[in-house]
Amino acid sequence: MKVGIIGLGYWGPNLVRNFLANSNIKKVYGCDLSEKRLKFISERYPSVELTNSCSDLIKNKDIDIIVIATPVKTHFEFAFEALNNDKHIWVEKPFTYSVEEAERLLELSERKDKVIFVDHTFIY
């Protein structure tokens, strides 16, 4: 599987490291709007393919899973776009800003037959 991680700030580098260490993950992609964060990741993990375009990452046909490690106000937008582009999603907690947003994503994931995983630190 190939994974794209949106958000390389505080928690993103831990996700990059952990996905790179997983033998089931064949390629890791990363995205952040900050050139400083992209440089930080490229220096530590040169095999990670980087971009500053979240939309390009989500639309990348090679990627199976989109990981969302951004502020909660962006979770719904990125998750909705990812599901509509036939990606499984992994979202850092909190899942969404509202129950209504969560319900819309759950309905969409069922229609698209895609998995939603909400990450809870130190539980999984």
key: Counted residues, region 82-124 - those being part of a helix (DSSP H, G or I) and within 14 Å of ILE63 (Cα to Cα)   = 3
inquiry  = Return the residues of region 75-100 that are surrounded by 17 or more Cβ atoms within 10 Å (Cβ to Cβ), at pLDDT below 95 and out of contact with any Ser or Thr (no Cβ under 7 Å at 6 or more places or on another chain); say none if nothing qualifies.
reply    = TRP90, VAL91, GLU92, PHE95, THR96
note = Reported set for region 32-63 where residues are within 14 Å of ARG17 (Cβ to Cβ) and of a type in the set (Lys, Arg) is ARG44
note = Out of (1) open to solvent by less than 70 Å² (accessible area, probe 1.4 Å); (2) under 19 Å from TYR10 (Cβ atoms); (3) at pLDDT below 95, the one CYS54 does not meet is (3)
ask   = Does region 105-114 contain at least one residue that is under 20 Å from GLY7 (Cα atoms), in contact with a helix residue (DSSP H, G or I) (Cβ under 7 Å, 6 or more places away or on another chain) and surrounded by 14 or more Cβ atoms within 10 Å (Cβ to Cβ)?
value = yes
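The values are calculated or read from the model by the stated rules, or taken from the named source; none is laboratory data. These numbers come from a predicted model, not from an experiment. Note that we place each Cβ from the backbone using ideal geometry, even for glycine, and neighbour counts take in every protein chain shown. All accessible areas refer to the heavy atoms of the entire protein, side chains included, with ligands and DNA or RNA removed. Shrake-Rupley method; radii C 1.70, N 1.55, O 1.52, S 1.80 Å.
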